[in-house]
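Here it is, the structure, as structure tokens.
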Amino acid sequence: MAVNPIPEGYHTVTPYLVVEDVDRLIDFLRAAFDAVEKERIPGQDGRTGHAEVLIGDSHVMMGRAQDEIPVLPCMLYIYVPDTDATHARALAAGAVSQQEPTDMFWGDRNASVKDPSGNLWTIATHRENLTPEELAERAKEHMR
């Protein structure tokens with residue numbers, strides 16, 4: 001039987017977060033973004049060494065930092081139905097706000113939070129479909 005080189009349900013690019021405490025990050029992702037745990041694999045010391053969650057239709061992998069692979073904070077852009085409500089949930093789950101919910105010139109409503117592991121999450125709800133000309137004009141106005 002042939003094996004698909006990209007597992008079913010995955011996208012071509014899958015984020016992999018390297019954090020100090022995988023279990024703590026999973027708890028945050030569940031509370032803030034309704035993440036569903038797909039797997040959790042313990043390391044030799046019994047602490048979680050690797051895990052995977054599903055947020056919406058996207059898989060996010062994570063692993064515990066080690067000597068050869070240190071903590072690597074990153075930034076992720078997540079689309080949700082309600083930026084304001086998700087921002088509030090993320091704060092309640094332990095995030096620190098980096099940007100309050102704001103309507104952006106490109107048609108998204110955005111907010112940003114830093115999770116307890118130091119990763120930045122831009123929370124977005126797409127609110128307007130713009131033509132390339134409209135986007136260029138708004139960008140020009142925004143830069144003034």
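Just so you know, all these numbers are worked out from the coordinates, no wet-lab data involved. On a predicted model such as this, the values are computed, not experimentally measured, just so you know. Heads up, the Cβs are rebuilt from the backbone with ideal geometry, glycines too, and the neighbour counts pull from every protein chain shown.
Between residue 38 and residue 79, what FRET efficiency follows from the Cβ-Cβ distance if R0 is 22 Å, with the result rounded to 0.05?
About 0.65, to the nearest 0.05.
I need two numbers for the chain: Rg to one decimal and Dmax as a whole number, Cα atoms only, in Å.
Expressed in Å, the Cα Rg and Dmax of the chain come to 17.5, 59.
Determine the percent antiparallel among the DSSP beta bridges restricted to the chain, to the nearest 5.
Percentage antiparallel, nearest 5: 75.
Does anyone have the angle between helix 22-33 and the longest principal axis of the chain? Alpha-carbon axes, 0 to 90°, nearest 10?
30
Could you work out how far helix 132-143 tilts from the main Cα principal axis of the chain, as a 0 to 90 degree angle to the nearest 10?
Relative to the chain, helix 132-143 is tipped by roughly 90 degrees.
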